[in-house]
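Trainee: Okay, handing you the structure first.
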Amino acid sequence: MVIKSRAERLSDTFVKLTDTLVADYDVLDLLHTLVADAVELLDAAQAGLLLSDADGSLQLLASTSEQSWWNYCNSKQERARALSATAAEQSSL
């Protein structure tokens, strides 16, 4: 078994990502590769890829597990509750 350095693993990741940049690549495969390799390279338990929509809200595009998706949903609900509470406080002033 050959143990690769972090630099070699990072290089392999970039090669995989550039291999997907062809005419008929699958965006979902690209995003899954990105988050899966991020977990490995960063020694993380989970990863997710968020992008901001036109309203500035974060949207989950890819995740390494269903648990990371649920974590995102729960944190989104918590942010919505906090924003509602702040708006209610400001309107009562």
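Only the coordinates and a few stated rules stand behind these numbers; no lab work does. Given the structure is predicted, the values throughout are model-derived calculations rather than measurements. Don't worry about glycine lacking a Cβ; one is built from the backbone with ideal geometry, like all the others, and counts go over all protein chains shown.
Trainee: For region 30-52, list residues with backbone N below 19 Å from a point placed 7 Å from the Cα of Ser5 toward its Cβ?
Mentor: Taking a point 7 Å out along Cα→Cβ of Ser5, the residues of region 30-52 whose backbone N falls under 19 Å are 41-43.
Trainee: Label-point separation (nm) for Ser75 and Leu49, each offset 7 Å from Cα along Cα-to-Cβ?
Mentor: It works out to 1.7 nm between the two label points.
Trainee: Among Ala44, Ala62, Ala54, which one moves the most in a GNM of the chain with springs linking Cα atoms closer than 10 Å?
Mentor: With Cα springs under 10 Å in the chain, the top fluctuation among Ala44, Ala62, Ala54 is at Ala54.
Trainee: Counting Lys and Arg as +1 and Asp and Glu as -1, each charge on the Cβ, what is the dipole of the chain about the Cα centre in debye, to the nearest 20?
Mentor: I would put it at about 320 debye.
Trainee: Given the -39500 (n - 2.57) contribution per DSSP H run of 4+ residues, what per-residue ellipticity at 222 nm results for the chain, rounded to the nearest 500 deg cm²/dmol?
Mentor: It lands at -20500 deg cm²/dmol.
Trainee: Going by how many other beta carbons lie within 10 Å of each one, how would you line up Thr64, Thr33, fewest first?
Mentor: So the ranking, lowest neighbour count to highest, is Thr33, Thr64.
Trainee: Which helices pass in the chain if a helix is a full DSSP H run, must span at least 24 angstrom along its long axis by Cα, and must have mean Kyte-Doolittle hydropathy not below 0.5?
Mentor: none
Trainee: While we're looking at this one, here's another question. Please report, for the Cα atoms of region 6-91, the Rg to one decimal and the Dmax as a whole number; what are they, in angstrom?
Mentor: For region 6-91, the Cα-based Rg and Dmax read 16.9, 55 Å.
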